[in-house]
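Student: Below: one structure in structure tokens.
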Amino acid sequence: NAVVNVYDPHTEYFPPIDKDNFDIQISGRLEGIGAQLREDDGYIKVVEIVPGSASWRQGELQPDDVIMKVAQGDEEPVDVVGASIDDAVKMIRGKKGTEVRLTVRKSDGRIKVIPIVRDVVVLEETYAKGVIIEHKNLNKRFGYINLPKFYTDFRNPDGRRCAEDVKLLLEQFNKNNVDGVVLDLRNNGG
């Protein structure tokens with residue numbers, strides 16, 4: 001970082017793990033099981049299941065499940081109790097179409113092995129959304145666009161980009177003859 005900041009104060013070096021996480025954040029896509037995890041007193045706990053993801057479709061992994069072991073396909077499981085969240089996530093994420101088997105402790109104390117075939121997880125909540133709002137008193141229509149973050153897919157030239165998504169929403173608003181547009185950038189750190 002010292003070297004790159006000499007040439008450009010807006011450039012930063014990312015170690016491989018940070019680069020992977022950046023790519024996921026900026027594209028809104030990843031290959032994995034679609035579960036949000038957190039570290040809790042040395043245990044890896046499931047916080048949320050992403051709707052439409054591989055975990056959601058498989059149906060057995062639930063919030064509050066504690067992940068005890070991770071196995072790649074039919075290989076020997078690796079104990080993740082006491083492991084860092086980064087190490088556990090590295091084992092759980094993987095290429096689309098490959099299987100990961102999680103040994104979990106359910107909230108009722110049962111131990112269960114859950115096989116999940118990894119897939120592309122799309123984080124829809126990160127993408128631009130729009131709606132037309134009618135103001136009855138003013139007899140006007142307004143287009144509303146919520147852009148929670150800026151995004152692009154560096155790895156896929158046909159991937160989603162916020163500029164293109166906002167352009168499509170604006171074209172839709174134009175066709176519907178709106179009187180004005182509100183662009184909501186609240187909580188958008190970009």
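The values are calculated or read from the model by the stated rules, or taken from the named source; none is laboratory data. As the structure is a prediction and not an experimental result, all values here were calculated from the model. So basically every Cβ, Gly included, is an ideal-geometry build from the backbone, and we count neighbours across all protein chains shown. When the accessible area is computed, the model is the full protein with side chains, heavy atoms only, and any ligands, DNA or RNA have been set aside. Shrake-Rupley method; radii C 1.70, N 1.55, O 1.52, S 1.80 Å.
Student: Any idea what the dipole of the chain comes to, in debye rounded to 20, about its Cα centre with Lys/Arg Cβ at +1 and Asp/Glu Cβ at -1?
Tutor: Around 680 debye, computed over the chain.
Student: Between 0 and 90 degrees, rounded to the nearest ten: what's the tilt of helix 162-175 against the longest Cα principal axis of the chain?
Tutor: That helix lies at roughly 40 degrees to the long axis.
Student: Also, I was wondering about something else. Springs between alpha-carbon atoms under 10 Å, Gaussian network over the chain: tell me which of V89, V178, V122 tops the mean-square fluctuations.
Tutor: Among V89, V178, V122, the largest GNM mean-square fluctuation belongs to V178.
Student: With a point put 7 Å past each Cα toward its Cβ, work out how far T11 is from I111 in nm, to one decimal.
Tutor: A separation of 5.2 nm, rounded to one decimal place.
Student: Okay, next question. At a probe size of 1.4 Å, how large is the accessible area of L183, to the nearest 10 Å²?
Tutor: Spelled out: L183, probe radius 1.4 Å, area about 90 Å².
Student: May I ask for the net charge around V121, where only other residues with Cβ less than 15 Å from the Cβ of V121 are counted and Lys, Arg are +1 while Asp, Glu are -1?
Tutor: Charge balance near V121 sits at 0.
Student: Sticking with this one: With a 1.4 Å probe and every protein chain left in place, work out the accessible area per residue of the chain in Å², rounded to a whole number.
Tutor: Accessible area per residue: 63 Å².
Student: Going by accessible area, probe 1.4 Å, with all protein chains left in place, what is the ranking of K45, K136, K69, K106, largest first?
Tutor: These residues rank, largest area first, as K136, K69, K45, K106.
Student: If packing is taken as the average count of other Cβ atoms within 10 Å, what order do 160-166, 30-36 fall into, highest mean first?
Tutor: My ranking of the peptides, most packed first, is 30-36, 160-166.
Student: Follow-up question, since we're still on this one. Using a 1.4 Å probe on the protein heavy atoms only, what accessible surface does Y144 show? Give it in Å² to the nearest 10.
Tutor: Result for Y144: roughly 60 Å² accessible.
Student: I've got another one for you. Over the chain, what relative contact order in percent results from Cα pairs under 8 Å that are six or more residues apart?
Tutor: 18 percent
Student: Another question about this same structure. Give me the three principal axis extents of region 111-190 from the C-alpha atoms, as integers in angstrom, largest value leading.
Tutor: For region 111-190, the Cα extents along the three principal axes come out at 59, 35, 25 Å.
Student: Out of every Cα pair in the chain, what percent are spaced more than 25 Å from each other?
Tutor: I get 51 percent for the Cα pairs in the chain exceeding 25 Å.
Student: Quote the Stokes-Einstein diffusion coefficient, in whole µm² s⁻¹, for region 1-93, based on the Kirkwood radius over alpha carbon pairs, a temperature of 4 °C and a viscosity of 1.567 mPa s.
Tutor: The estimated diffusion coefficient comes to 86 µm²/s.
Student: Continuing with this model, one more query. Which percent of Cα pairs goes in each bin when the distances of region 33-84 are cut into 10 angstrom slices starting at zero?
Tutor: 26, 50, 24
Student: What part of the accessible area of region 46-126, given as a whole %, is carbon or sulfur when the probe is 1.4 angstrom?
Tutor: 51 percent
Student: Sorted by accessible area with a 1.4 angstrom probe, largest first, how do R105, R118, R57 fall?
Tutor: R57, R105, R118
Student: OK, next. So what's the angle, to the nearest 10 degrees on a 0 to 90 scale, between helix 16-27 and the longest Cα principal axis of the chain?
Tutor: So the inclination is approximately 40 degrees.
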